[in-house]
Every structure is written in structure tokens, then in C-alpha cells.
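Report on the structure given below.
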Amino acid sequence: MPARRVLATEESVDLLRLVRQIAADELAPRAAEAEADEAFPRDVFRLLGRSGLLGLPYPEEQGGAGLSYEVYLQVLEEIGAVWSSVGVGVSVHALSCFGLAQFGTDAQREQWLPDMLGGDLLGAYCLSEAHAGSDPAAMRTTARRDGDEYVLDGAKAWTTHGGQADFYKVMARTSDEGARGISCFLVPADAEGLSADAPERKMGLTGSATATMRFDGVRVPVERRLGDEGAGLRIALAGLDSGRLGIAAVAVGLAQGALDKAVAYAQERETFGKRIIDHQGLAFVLADMEAAVQSARATTLHAARLRDAGLSFGREASIAKMVATDQAMKVTTDAVQVLGGYGYTRDFPVERYMREAKVMQIFEGTNQIQRMVIGRSLDKDPGGEITLA
């Protein structure tokens, strides 16, 4: 019972049908085994790159597809519905390309962006540190200027694709001026002095490598700095709203996948002489799950439409991330309940979905941080305008 979608163009319809087919044929058969083995599916990202799915929201002149975010997020949904680790990876890769696409020079974009958007180079995003997660301005990783190079020292925690990526978008401190003393660098994976710790042992998303990246005298040419010195935090924060929408979309897909499994089971399983979906108590649970998925999807796509119209969407991105991930946690938990004892076993995927949903309430800014962002924005800008899109 995949999601029902209404799209504006035939091209978008064809794209979503292609993505749904790839998800069914290439991703779904491998997901459970890869997650159980904690195996990073690098070849899957190459396949998605060859299919043109890693650069969808970027302009065609930069090597992307020039798609709206409203369509791109629905692509992430379809992927997330069958394999959340891959959906998160596609979102993180898009976020890793953002600094170069938006703040790089023409020469930088021409040199690196085509391979990044084409999937030949997989990206990672290095912002958080062990003591500086929700407060990135407290970071301690440094980048010291030495002639025509910067020398990076420090460690970046919770790096998605850590040890697997081909390039790392890194925020590092170039001065002691607080938030204005941070700069952004594009560091190649083969840079001398760059290493990855063993992957974190996580509750879920075990097919996605997450590791601490260590910078021990890593030398980076000046031409690999993105934007002006001191503009790094602004570059990082500029991309986070879009990144939150990506995670929201994956969470909606995850919830949809859990709902689909729960409905299919409820249609097949019988008790007291009839299908369990015909029992009102169970049907009400499924109805609430469907309402949760649809409301999360609508909230996320509303924020995407604001972004596509060139309007401010930061508050709405935080709302979407918070609502979609909270609902994903609820829907996956209910899916386990619908399946009963089977839902608690690894013979059925819903227990994995439940474990995967939990982290989505945490990364890309915890949902407590999202509530802070939303509350502050209401104080500064209550909104209420009526705008021509």
C-alpha cells in the first residue's frame, strides 16, 4: 500500500515510478541482510548516482536535475520506505554538496561538483563534536593557516559515512571569534593525517556507517576553503534547514513502510474467526497510523513548497522534522504492536523500523532543539502574511 502521490508533471511521475521500481527491485531485497551484517552498501550509492538520484535538487548547470524540493523529498520518502540507511545517506550526501554548490567559486564547482552530484564521490558532513553537538559554535577542531595551506587538528563526532566517504565537508575554527571564527573546508578522504575510528555500535541504521573522524595535522590547500574565512558556521546553518527536510522525508517514508507492513499483516492474520483488521480495536490503531503518516507528509511538503517559492522556511523545516520523526516513532511502535509477538522478532522488519525511527528524533538537531527554534521564531516573527508564490 505505497503512498498515493499527485505530481505536477509527467517527468515527475516517471521519476517517482522509476524510484519506486529501484526501491522494490534493488533496495528492498538487500536491506534486512545488510542491516543485520552492519554492511555499508557503497555500490547502492553508485547505482543511485548512475540513475541520477544523488543530485536531484541541484541546478542542471551544476550537474543536478533541477528538481523542486517538493519532488525530491518524495524521492527520499520512497527510498526511506524500504531502506532508511540509504535514504538518510542520500540526504546527508545532498547536505554535503550544499556548501560547494551555494558558496563555492565557479572554479571550485566546475572541478568537484559534477562528480559529487553524479555519485562518483560520496560525501560526509563534519560539524558535530563530542562536546559540541547542539551547540556547534563551541567546536574545538582548528584550522591554522600555514602559507597556501590550512592545517586541521581535532575530531568530529557522529559523522555519517565516516570512513566510507570520498570527501568531507568540515567546519573548523580559524580564530577565537566565537561563531564568526569558524570556516568551511572540503577535505578529500585520502588526505594524510585523516582517519576514522571504528564505526559506532548503534541501535539502528546499522547499514549506515557512523564514525568519529580524526584530523591530525591534515593539510588542506587554501583553494579547498569554501567561502570566506570565518563564514563556516553561516554556511553550515544555511544548509541545515534543507537537511532537516531531508530527514523529515525519510522519516515519513519509514512510517509509511511500517504502516504498509502492519496493514498487510492485519489483512492476512485471523483471530476469533475473522481477520484482525476487521476488529474495531485494531482498525482504529491502523487508522491513527494512517492519519499520522499523512499529516507528517503534508507538513513536510508544505515546508518544501515554501522553499521552492523562495520564501523563508526555517520554522516550517523544524516543525516538519519534529512532527515527522515523532510520528515515525509512534507509527513504528504501533506497527510492532499490530504484529504482536512476531513484531518483536527479527523475522519481520517492523522491529528494525522502530529502532531506526528513534535516532531520527535525535540527529539533524534533536526534537527538543527544534522546539526551541520554533518557539524563538514565534517570538521574532509571528508570521501571518499572505504571499503570492
- Hey, among LEU339, LEU306, which residue is part of a helix (DSSP H, G or I), without any contact (Cβ under 8 Å) to a residue 24 or more places away in the chain, more than 15 Å from GLN361 (Cβ to Cβ) and not charged (D, E, K, R)? LEU306
- Item | Residue among ASP334, ASP308, ASP326, ASP288 that alone is open to solvent by less than 40 Å² (accessible area, probe 1.4 Å), modelled with pLDDT of 95 or more and of a type in the set (Asp, Glu) | ASP334
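Residues that are aliphatic (A, V, I, L, M), farther than 24 Å from LEU7 by Cβ and open to solvent by 20 Å² or more (accessible area, probe 1.4 Å), at least 1 per element: which helices (runs of 4 or more DSSP H) completely within the range 27-138 meet that? Quick ask: steps written out before the conclusion?
Details: elements: 28-37, 42-50, 69-80, 84-103, 106-117.
Where helices (runs of 4 or more DSSP H) fall fully within the range 27-138 and carry at least 1 residues being aliphatic (A, V, I, L, M), farther than 24 Å from LEU7 by Cβ and open to solvent by 20 Å² or more (accessible area, probe 1.4 Å), they are 28-37, 106-117.
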- Task: Collect the residues in the range 248-288 that are farther than 28 Å from SER85 by Cβ, out of contact with any helix residue (DSSP H, G or I) (no Cβ under 8 Å at 6 or more places or on another chain) and not in a loop (DSSP other than H, G, I, E, B), keeping them in residue-number order.
- Result: THR271, LYS274, ASP278, GLN280, GLY281, PHE284, ALA287
- Query: Quick check: anything in the range 156-167 surrounded by fewer than 20 Cβ atoms within 10 Å (Cβ to Cβ) and touching a helix residue (DSSP H, G or I) at 6+ places or on another chain (Cβ under 7 Å)?
  - Reply: no
- Item | Hits in the range 92-128 - residues which are closer than 18 Å to ALA211 by Cβ and among the hydroxyl-bearing types (Ser, Thr, Tyr) | SER96, TYR125, SER128
- Query: Only one residue in LEU205, LEU186, LEU117 is out of contact with any strand residue (DSSP E or B) (no Cβ under 8 Å at 6 or more places or on another chain) and at pLDDT 95 or above. Which one?
  - Reply: LEU205
- Could you grab the pairs with beta carbons closer than 8 Å, sequence gap of 6+ or different chains, first residue in the range 242-266 and among the hydroxyl-bearing types (Ser, Thr, Tyr), second one surrounded by fewer than 24 Cβ atoms within 10 Å (Cβ to Cβ) and outside any helix (DSSP H, G or I)? TYR265/PHE348
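The values are calculated or read from the model by the stated rules, or taken from the named source; none is laboratory data. Model, not experiment: these values are computed from the prediction. When we count neighbours, we look across all protein chains shown, and the Cβ atoms used for this are built from the backbone with ideal geometry, even at glycine. SASA here: full protein model, heavy atoms, side chains in, ligands and nucleic acids out. Shrake-Rupley method; radii C 1.70, N 1.55, O 1.52, S 1.80 Å.
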